[in-house]
Amino acid sequence: MKRIYGIVMRGGTSKGVYFHKNDLPSDPALRDKVILDIYGSPDVTEIDGLGGANVLTSKTAIISRSQVPGADIDYTFGQVMFNEALVDYRINCGNISAGVGPFAIDEGLVPAVEPMTRVSIYNTNTNKMLFAEVPVKNGKAVVEGDYHIAGVPGTGAKISLDFAETGGTLGHGLLPTGKIKEQLRVPGVGEFSVSVVDAANVAVFIKASDFDLTGAEAFIDVVNNQVLWDKADKIRGTIGVQLGMYKDLDSFLKINPTMPFCILVYPPVDYLDFTTGRVVAKDSYDIKGIIRFAGAVHRAYSGTGSVCTAVAAMIPGTIANDVLRESAKQSDRIRIGHPSGIIEDEVRVEKDGEGFKILRAAYGRTARRISEGYIYLKPWADSEPSLL
């Protein structure tokens, strides 16, 4: 059987196979066919591949040295869908991004500098730069540490990711519709007050109270509320069409892609951590959020979602700013409560003419190499001459 070299890594609260670009076919269609084969997709169990049958564990990263001025490496993120034969490259993933710096260091793509190596990463999905600060010892990325992130057992070495230069991924600024807040009419659903913000990835923010949610509900009950998520998908699909990302709502709903996120936001309230059952006290965080994307609900919080939420919360008048703890509006740190705990972002946003500019949008993650080696392809690949 023919085979492809890959490295399985956990990045933040996500996991996937990280590839050297040169180890994959150069033809995009064949490359995606190989990736789908490796993950066992399309199949909702992904039983015949490395996919985990979950949006958090069906992701991939393609990495190479960069020719972009100021960048060390190029990085392409792919969301491997398991309900259809599609690798979605429309967005970046802030959790998978956490593994990119360690991968680049350990694979010799950038020089290892102790005690901290700064890796400049050009994300090809958004055509934006992000920066990783990775602790290094003996020429390799450090794994062991005392930094804990909600949604991952244990602790690890802290990797700082700064997304300050990722505002306006669609080319229309931080507020791609030109409005801080607007009334959105969704066919067959109703009218909602929303804010659309494009930082790291584009997201539409809605008050959870508009769906009669308080934030204290058991997460599993919220996840199983299909009526709610059908509405949320139509809302984010309507925004996607409005931004020119999709032809119409029907075509969006048919594939239910990753972008834009739909983020329900709440003011602080006591609730139970989904993973531990412990109480997350309302005074321990500043805003609560739940993310809907790709036909699923995030069981923790995406890194790019945290960036977008923190930036949105610091823009006066947005939906996120409306529910943000008042004292946090004068801070440069936003603590976001989510189903599995809390993620904290450093964020500074300033007025820039008619719009806004991100000065800093950083958060901490951990990452770990789990395995490396060859992944065998199914028999179809044996007759493909372009595969070694």
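The values are calculated or read from the model by the stated rules, or taken from the named source; none is laboratory data. Predicted, not measured: the structure shown is a model, and the values here were computed from it. Positions of Cβ are generated from backbone atoms using ideal geometry, with glycine treated the same way; all protein chains shown enter the neighbour counts.
Given the residues PHE219, PHE205, PHE252, PHE211, which is the only one that is under 28 Å from TYR89 (Cα atoms), aromatic (Phe, Trp, Tyr) and over 19 Å from the mean Cα position of the chain (by Cα)? So that I can check it myself, show each step before the final result.
Working: PHE219 fails: under 28 Å from TYR89 (Cα atoms); PHE205 fails: over 19 Å from the mean Cα position of the chain (by Cα); PHE211 fails: under 28 Å from TYR89 (Cα atoms).
Result: PHE252 is the single residue among PHE219, PHE205, PHE252, PHE211 that is under 28 Å from TYR89 (Cα atoms), aromatic (Phe, Trp, Tyr) and over 19 Å from the mean Cα position of the chain (by Cα).
Can you pull out the residues in region 346-380 that are more than 21 Å from PHE103 (Cα to Cα) and surrounded by 20 or more Cβ atoms within 10 Å (Cβ to Cβ)? Before you say what the answer is, go through the steps one by one.
Of all residues in region 346-380, those more than 21 Å from PHE103 (Cα to Cα) come to 346-361, 376-380.
Once the filter is applied, which keeps residues that are more than 21 Å from PHE103 (Cα to Cα) and surrounded by 20 or more Cβ atoms within 10 Å (Cβ to Cβ), region 346-380 yields VAL347, VAL349, PHE356, ILE358, ALA361.
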Inset, instruction - Could you check, for region 264-275, whether at least one of its residues is within 26 Å of HIS172 (Cα to Cα), polar (S, T, N, Q) and crowded, with 16+ Cβ neighbours inside 10 Å? - result: no
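Can you tell which of LYS351, LYS288, LYS282 is charged (D, E, K, R), modelled with pLDDT under 95 and farther than 24 Å from ASP88 by Cα? Outline the logic, then answer.
Values: LYS288 fails: modelled with pLDDT under 95; LYS282 fails: modelled with pLDDT under 95.
None of the others qualify; the one that does is LYS351.
Filtering region 155-185 down to residues that are polar (S, T, N, Q) and not in a loop (DSSP other than H, G, I, E, B), which residue is nearest to the chain's Cα centre (by Cα)? Step through it out loud before you land on a result.
Step one: of region 155-185, the residues polar (S, T, N, Q) are 155, 160, 166, 169, 177, 183.
If we keep only those that are not in a loop (DSSP other than H, G, I, E, B) too, we end up with 160, 183.
Numbers: SER160: 15, GLN183: 26 Å.
Among those residues, the one meeting the criterion is SER160.
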Legend entry - Tally of residues being assigned to a strand (DSSP E or B) and either touching a Cys at 6+ places or on another chain (Cβ under 7 Å) or within 22 Å of LYS179 (Cβ to Cβ) (or both) across region 335-386: 10
Legend entry - GLY237 in contact with a strand residue (DSSP E or B) (Cβ under 7 Å, 6 or more places away or on another chain), under 22 Å from LYS179 (Cα atoms), of a type in the set (Gly, Ala, Ser) and not assigned by TED's automatic domain parsing to the domain that holds THR13: no
Legend entry - Candidates ALA312, ALA320, ALA294 - the one that is crowded, with 19+ Cβ neighbours inside 10 Å, in contact with a Leu (Cβ under 9 Å, 6 or more places away or on another chain) and closer than 22 Å to LEU228 by Cβ: ALA312
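How many residues, within region 57-88, are closer than 16 Å to MET129 by Cα, touching a residue at least 12 places away in the same chain (Cβ under 8 Å) and not small (Gly, Ala, Ser)? Even if it seems obvious, please write down each step before you answer.
We begin by selecting, within region 57-88, every residue closer than 16 Å to MET129 by Cα; these are 61-77.
Okay, now just the ones that are also touching a residue at least 12 places away in the same chain (Cβ under 8 Å), so 61-66, 68, 70-77.
Then keep just the ones that are not small (Gly, Ala, Ser); that gives 62-63, 65, 68, 72-77.
Number of matching residues: 10.
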Inset, instruction - Kindly provide the set of residues from region 9-46 that are buried (at least 17 other Cβ atoms within 10 Å of the Cβ) and among the β-branched types (Val, Ile, Thr), ordered by number. - result: THR13, VAL17, VAL34, ILE35, ILE38
Inset, instruction - Give the residues of region 265-292 that are among the hydroxyl-bearing types (Ser, Thr, Tyr) and farther than 21 Å from PRO153 by Cα, sorted by residue number. - result: TYR266
Inset, instruction - Examine region 145-160 for a residue that is surrounded by 16 or more Cβ atoms within 10 Å (Cβ to Cβ), without any contact (Cβ under 8 Å) to a residue 60 or more places away in the chain and not polar (S, T, N, Q), and state whether such a residue exists. - result: no
Inset, instruction - Of the conditions (1) surrounded by fewer than 21 Cβ atoms within 10 Å (Cβ to Cβ); (2) in the same structural domain as LYS15 (by TED's automatic domain parsing); (3) modelled with pLDDT of 95 or more; (4) out of contact with any Gly (no Cβ under 8 Å at 6 or more places or on another chain), THR177 clears all except one; give me its number. - result: (2)
Legend entry - Residues located in region 47-99, provided they are more than 13 Å from the chain's Cα centre (by Cα), part of a loop (DSSP other than H, G, I, E, B) and β-branched (Val, Ile, Thr): ILE47, VAL68
Inset, instruction - Would you tally the residues in region 188-202 being over 26 Å from PHE131 (Cα atoms) and either surrounded by fewer than 16 Cβ atoms within 10 Å (Cβ to Cβ) or under 24 Å from the mean Cα position of the chain (by Cα) (or both)? - result: 7
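Quick one: which residue in ILE315, ILE334, ILE343 is among the β-branched types (Val, Ile, Thr), under 22 Å from the mean Cα position of the chain (by Cα) and either in the same structural domain as GLN79 (by TED's automatic domain parsing) or more than 21 Å from SER97 (Cα to Cα) (or both)? Even if it seems obvious, please write down each step before you answer.
Values: ILE334 fails: either in the same structural domain as GLN79 (by TED's automatic domain parsing) or more than 21 Å from SER97 (Cα to Cα) (or both); ILE343 fails: either in the same structural domain as GLN79 (by TED's automatic domain parsing) or more than 21 Å from SER97 (Cα to Cα) (or both).
Being among the β-branched types (Val, Ile, Thr), under 22 Å from the mean Cα position of the chain (by Cα) and either in the same structural domain as GLN79 (by TED's automatic domain parsing) or more than 21 Å from SER97 (Cα to Cα) (or both) holds for just one of ILE315, ILE334, ILE343, which is ILE315.
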Legend entry - Every residue from region 282-334 that is basic (Lys, Arg) and assigned to a loop (DSSP other than H, G, I, E, B): ARG299, ARG325
Legend entry - Verdict on ALA141 being in the same structural domain as ILE47 (by TED's automatic domain parsing), at pLDDT 95 or above and out of contact with any Pro (no Cβ under 7 Å at 6 or more places or on another chain): no
